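One structure below.
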Amino acid sequence: MAFPQIHFVEGAQVTDLLANDDKSRVTGVQLRSRHTQDEQTRAADFIVDATGRGSKTPEWLQALGYAAPRESAINSFQGYATRWYKRPEHLKLDWKALIVSTKPPTMSRGGGIYPIENDQWIVTIGGVNKDFPPNDDAGFMEFARTLRSPLLAEVLQHAEPISPVYGYQRTENHLRHYEELGAMPEGIVVVGDAVCAFNPVYGQGMTAAAMGAMVLDKCLQQGVNSAISLRFQKALAKSNETAWLMATGEDFRWPNTEGKRPQVNMATRFVQRYMDYITELIVDEPVILTAFYQVAHLLKSPAALFQPAIFARVLRKALSDRMRGKAHDRPIGQPPTAQTHEENVLAT
């Protein structure tokens, strides 16, 4: 806002794209006021669509005579409910944040407690494959008691809720394949969730969007008149690829996930089992926890989890479990026991 050449148009919605006579270049947008319904046009040399999952660019491209991008959707039907709490002053804890994980393919419920400003907690519980948590007070607590560890529910009994329960269930991964188009008009690019939207529980969306902005910056340095639209969309697709495979690969571990499934082979099963051990080991292994977060937050490639030091720890864990004949998890909805909760909780 400090730059005089930047202007914000508030209370308006873009309703269409404007183009030159031969439809080869986008020249601006048509706007409609949300308050008066009046319409106006605004010329532009370059347009960035960052309107999120509800982007209308596919429809606008068709209206200009272009093909709409192919779309992929992977939906594990994950839903979650969130509530704010006042952190109890008298409660002595040896952790700052708490995560109770799910475990595919049977243990679909999980949750977390995260510290926020003003000595408050934000608490989220969720379930996969339509095992949604309730949005009422009693239902929220009852759902929390069925997690793999009793710790989260026990702690909440001492905390004061300071907000309603907010639910969210639109968590499908959605990808528009602009990189496959044979032609696009110049003067427009599509970024962020308008191209690739992830299941938000993995925390990848803003990082992927920031990486996409870096890709756009690099393309713009090469000039806006050198077939930038398709060139950028192809580069963006490559940038999004790892995050997309990570998010959808995890969602496909649940039996009722909808979408085109990749072929499951020995390598896929090995990686899935390997990641099960990783998520158990991060409870006690700071080195593995650090590497896991670096991969999850797209700072490093998944190969970081297979470095020799981490692979050796996973191998020892696998051999130890085999020697002990470790039992399977309990069924969904059955309350956890104190003896089993430790390996299912990440407290940091």
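The values are calculated or read from the model by the stated rules, or taken from the named source; none is laboratory data. These numbers were taken from a predicted model, which means no experiment stands behind them. Neighbour counts run over all protein chains shown; Cβ positions are idealised from the backbone, glycine included.
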Condition test on ILE125, is it over 25 Å from VAL271 (Cβ atoms) and either in contact with a Ser or Thr (Cβ under 9 Å, 6 or more places away or on another chain) or in the same structural domain as ASP276 (by TED's automatic domain parsing) (or both)? yes
Residue identified as closer than 27 Å to THR82 by Cα and either surrounded by 13 or more Cβ atoms within 10 Å (Cβ to Cβ) or not aliphatic (A, V, I, L, M) (or both) among PRO164, PRO185: PRO164
Assuming PHE46 fulfils every condition listed in (1) closer than 30 Å to ILE116 by Cα; (2) aromatic (Phe, Trp, Tyr); (3) touching a helix residue (DSSP H, G or I) at 6+ places or on another chain (Cβ under 9 Å); (4) at pLDDT below 95 apart from one, which condition is it? (1)
Restricting the search to the range 103-140, which residues are among the polar types (S, T, N, Q) and within 22 Å of the chain's Cα centre (by Cα)? THR106, SER108, THR124, ASN129, ASN135
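The rows are residues; the columns are (1) out of contact with any Phe, Trp or Tyr (no Cβ under 9 Å at 6 or more places or on another chain); (2) under 27 Å from TYR166 (Cβ atoms); (3) not aromatic (Phe, Trp, Tyr).
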| residue | (1), (2), (3) |
| --- | --- |
| ASN20 | yes, no, yes |
| ALA43 | yes, no, yes |
| VAL48 | yes, no, yes |
| ALA67 | yes, no, yes |
| GLU89 | yes, yes, yes |
| ALA97 | no, yes, yes |
Criterion: touching a residue at least 40 places away in the same chain (Cβ under 8 Å), assigned to a strand (DSSP E or B) and surrounded by fewer than 19 Cβ atoms within 10 Å (Cβ to Cβ) - qualifying residue of TRP95, TRP84: TRP84
I'd like to verify a number: residues in the range 244-287 that are within 19 Å of the chain's Cα centre (by Cα) and of a type in the set (A, V, I, L, M), how many? 4
Screening GLU10, GLU71, GLU59 for residues that are within 31 Å of the chain's Cα centre (by Cα), assigned to a strand (DSSP E or B) and surrounded by fewer than 15 Cβ atoms within 10 Å (Cβ to Cβ) leaves only GLU71
Just need a number here: residues in the range 101-120 that are within 21 Å of ALA138 (Cα to Cα) and touching a residue at least 60 places away in the same chain (Cβ under 8 Å). 2
Listed residues PRO164, PRO185; which is over 20 Å from LEU236 (Cα atoms) and either not small (Gly, Ala, Ser) or not assigned by TED's automatic domain parsing to the domain that holds LEU18 (or both)? PRO164
Subset of the range 17-36 [on the phi < 0 side of the Ramachandran plot and in contact (Cβ under 8 Å) with a residue 24 or more places away in the chain]: LEU17, LEU18, ALA19, SER24, ARG25, VAL26, THR27, HIS35
Residue list for the range 218-238, restricted to those being among the small types (Gly, Ala, Ser) and not in a helix (DSSP H, G or I): GLY223, SER226, ALA227
Does LEU156 satisfy the criteria of being of a type in the set (A, V, I, L, M, F, W, C), surrounded by 21 or more Cβ atoms within 10 Å (Cβ to Cβ), over 24 Å from the mean Cα position of the chain (by Cα) and outside the structural domain of VAL201 (by TED's automatic domain parsing)? yes
Going by the conditions given, is PHE143 under 25 Å from the mean Cα position of the chain (by Cα), more than 30 Å from LYS92 (Cα to Cα), surrounded by 19 or more Cβ atoms within 10 Å (Cβ to Cβ) and of a type in the set (Phe, Trp, Tyr)? no
Looking only at the range 200-209, decide whether some residue is at pLDDT 95 or above and exposed (fewer than 15 other Cβ atoms within 10 Å of the Cβ). no
So, of the residues in the range 186-198 that are in a loop (DSSP other than H, G, I, E, B) and at pLDDT 95 or above, which turns out to be nearest to GLU258 (Cα to Cα)? PHE198
Residues of the range 121-152 being without any contact (Cβ under 8 Å) to a residue 60 or more places away in the chain, among the small types (Gly, Ala, Ser) and outside any strand (DSSP E or B), in sequence order, are ALA138, GLY139, ALA144
